[in-house]
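Peer 1: Please find one structure pasted underneath; my questions will follow.
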Amino acid sequence: MQEEKVILVDPIKCTGCHSCEMACSMKNFGKCSPSLSRIRIIEFREINTFIPIVCQGCKDAPCLKVCPVGAITRSLSGAVVIDQDTCIGCRACMYVCPQSAPVVNPENGKLMTCDLCEGEKEPWCVKACTMQGALRLVPKYQTIARKGKEDFAWKIKEEFKPKIKEEEKVEGFSFG
């Protein structure tokens, strides 16, 4: 089974260069157009803050449940994707998304979300984010969800726990 991944966003590192938007639209539509990007930079210029918004592939994605025609599915990579042939453009997914990630394709009125550049080693937006590295593709378990911080802590504990050789095992009390 393929490991689920997510684009980790660090808004403190985002310079607002919009390279990620250009790369996304180029990958998916063959032209540089922010309106065709599946990632968006929300700008707060008065406080010099830029926040990339991209689908986080929620564990209990409300968009999957609310789509009246079943156009939204989860790919093996963990991306929550919208089938453009099935989508009717009702925008229900956009309204229920906690990140406001689905965007309207201005060319056909249908919704679209990040598919993590399915089939590529790394999403184009992540490759294009070279100024400060505000975007990184990471295994989903490395992110802290609103729910499940304890689960995250246990997974990290297991990942970094020193390996015990068979001859080093001892009987006794342990906190771990």
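Read-outs throughout are calculated quantities, based only on the coordinates presented, and are distinct from any laboratory measurement. Computed from a predicted structure; not experimentally measured. Heads up, the Cβs are rebuilt from the backbone with ideal geometry, glycines too, and the neighbour counts pull from every protein chain shown.
Peer 1: I'd like the full set of residues that are out of contact with any Ser or Thr (no Cβ under 9 Å at 6 or more places or on another chain) and closer than 20 Å to Met94 by Cα, limited to the stretch 3-39.
Peer 2: Ile7, Val9, Ile39
Peer 1: Provide a single number: the residues in the stretch 30-59 that are of a type outside the set (D, E, K, R) and touching a residue at least 24 places away in the same chain (Cβ under 8 Å).
Peer 2: Residues in the stretch 30-59 being of a type outside the set (D, E, K, R) and touching a residue at least 24 places away in the same chain (Cβ under 8 Å): 15 in total.
Peer 1: Acidic (Asp, Glu) and in a loop (DSSP other than H, G, I, E, B) - does that describe any residue in the stretch 40-51? First the steps, then the outcome.
Peer 2: Of all residues in the stretch 40-51, those acidic (Asp, Glu) come to 43, 46.
Next, from what is left, pick out any that are in a loop (DSSP other than H, G, I, E, B): none.
No; the residues of the stretch 40-51 include none that is acidic (Asp, Glu) and in a loop (DSSP other than H, G, I, E, B).
Peer 1: Now for a separate question. Output the number of residues of the stretch 62-82 satisfying the condition of being small (Gly, Ala, Ser), under 22 Å from Leu8 (Cβ atoms) and touching a helix residue (DSSP H, G or I) at 6+ places or on another chain (Cβ under 9 Å). Walk me through how you get there before you give the answer.
Peer 2: At the first step, the residues of the stretch 62-82 found to be small (Gly, Ala, Ser) are 70-71, 75, 77-79.
Next cut, under 22 Å from Leu8 (Cβ atoms) only: 75, 77-79.
Applying the additional criterion that residues be touching a helix residue (DSSP H, G or I) at 6+ places or on another chain (Cβ under 9 Å) yields 78.
Summing the residues that are small (Gly, Ala, Ser), under 22 Å from Leu8 (Cβ atoms) and touching a helix residue (DSSP H, G or I) at 6+ places or on another chain (Cβ under 9 Å) in the stretch 62-82 gives 1.
Peer 1: May I pose another question? Take the stretch 1-31 and flag every residue that is closer than 18 Å to Leu116 by Cβ and among the small types (Gly, Ala, Ser). Break it down into steps so the answer makes sense when it comes.
Peer 2: First, pick out the residues of the stretch 1-31 that are closer than 18 Å to Leu116 by Cβ: 1-10, 19-29.
Matches in the stretch 1-31: Ser19, Ala23, Ser25.
Yes or no, residue by residue, for (1) without any contact (Cβ under 8 Å) to a residue 40 or more places away in the chain; (2) surrounded by 13 or more Cβ atoms within 10 Å (Cβ to Cβ):
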site	(1), (2)
Gly70	yes, no
Ser75	no, yes
Cys93	yes, yes
Pro98	no, no
Pro106	no, no
Gly109	yes, no
Asp115	no, yes
Leu137	no, yes
Lys140	no, yes
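Peer 1: Are any residues in the stretch 5-37 in a helix (DSSP H, G or I) and crowded, with 17+ Cβ neighbours inside 10 Å, and if so, which ones? Quick ask: steps written out before the conclusion?
Peer 2: As a first pass, look at the stretch 5-37 and keep what is in a helix (DSSP H, G or I): 19-29, 34-36.
Scanning the stretch 5-37 gives Ser19, Cys20, Glu21, Met22, Ala23, Cys24, Ser25, Lys27, Asn28, Leu36.
Peer 1: Can you pull out the residues in the stretch 90-124 that are touching a Pro at 6+ places or on another chain (Cβ under 8 Å) and outside any loop (DSSP other than H, G, I, E, B)?
Peer 2: Ala92, Cys93, Met94, Val96, Leu111, Met112
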